[in-house]
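Take a look at the structure set out below.
The values are calculated or read from the model by the stated rules, or taken from the named source; none is laboratory data. Everything quoted here is computed from the prediction, not taken from an experiment. Note: ideal-geometry Cβ built from the backbone for every residue, glycine included; neighbour counts use all protein chains shown.
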Amino acid sequence: MRSTFPAWILGVVALAQRDLDTATDQFRAGVEGDAAEAAPRHQANSCWGLACVSNTAGRIPKAARLHREALALRDSIGDRLGVAESLIGTAAVVASADRVVAGALIAAAQRLRTQLGAVVTPRQTDDVAAASAMLGEHETSPADSRTYDEATAVARAVRALEEIESLGGRSPAKEKG
């Protein structure tokens, strides 16, 4: 089993129940508390959780920043399953701005999980379904899964998140128009 800690688990449960205040408090324990100092994976997981809370609350630039930070930390410590989870979270944030990139990130995450032989949990299945639902007419295809290898997917996810952060909450369509 992957390394987790009680506050993270409680945060995930609270997030699933849409209790964003409790989820925030629990995830902060992993970013600011002893868990963050004890294990970078706990910090990365908690940062991912805070990003999901921000995305759920509609704070998209903050969600983008936190997903970028979680993804960078997971990538730097070699947490490949965490990278896959971050790619899904990133796709959920990026979908409104770039459905093609979001679809390719979902496909890359699924491919990475398959390569690792990971058993996908019901929560992760729901996360993929939610991110995929945001794609509209663009669905992931076999071509998407070949679009990005892991390193390229991480780099593209970081660029897409930085673009969203730079918009500061403004609509991508208005910026391009």
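Being farther than 12 Å from ALA157 by Cα and surrounded by 20 or more Cβ atoms within 10 Å (Cβ to Cβ): is that true of ALA57 here? Against the criterion (farther than 12 Å from ALA157 by Cα and surrounded by 20 or more Cβ atoms within 10 Å (Cβ to Cβ)), ALA57 does not qualify.
Mind checking which pairs have a first residue in region 59-87 that is not assigned by TED's automatic domain parsing to the domain that holds VAL158 and a second that is surrounded by fewer than 24 Cβ atoms within 10 Å (Cβ to Cβ) and of a type in the set (Phe, Trp, Tyr), Cβ under 9 Å, 6 or more apart or different chains? Within 9 Å, no pair qualifies. Just for region 60-99: of the residues that are in contact with a helix residue (DSSP H, G or I) (Cβ under 9 Å, 6 or more places away or on another chain), not in a helix (DSSP H, G or I) and not hydrophobic (A, V, I, L, M, F, W, C), which one is surrounded by the most Cβ atoms within 10 Å (Cβ to Cβ)? This residue is ASP79.
What tally of residues in region 115-158 results from selecting those that are on the phi > 0 side of the Ramachandran plot and at pLDDT 90 or above? Residues that pass the stated criteria total 1.
In the condition set (1) of a type outside the set (Asp, Glu); (2) crowded, with 21+ Cβ neighbours inside 10 Å; (3) modelled with pLDDT of 95 or more, ILE106 is compliant with all but (3). Of all the listed residues (ALA35, ALA14, ALA23, ALA44), the sole one being over 14 Å from the mean Cα position of the chain (by Cα), modelled with pLDDT under 95 and of a type in the set (A, V, I, L, M, F, W, C) is ALA35. Scanning region 1-32 for residues that are in a loop (DSSP other than H, G, I, E, B) and of a type outside the set (Phe, Trp, Tyr) yields MET1, ARG2, SER3, THR4, GLN17, ARG18, ASP19. Of all the criteria given as (1) surrounded by fewer than 20 Cβ atoms within 10 Å (Cβ to Cβ); (2) without any contact (Cβ under 8 Å) to a residue 24 or more places away in the chain, the one not satisfied by GLN26 is (1).
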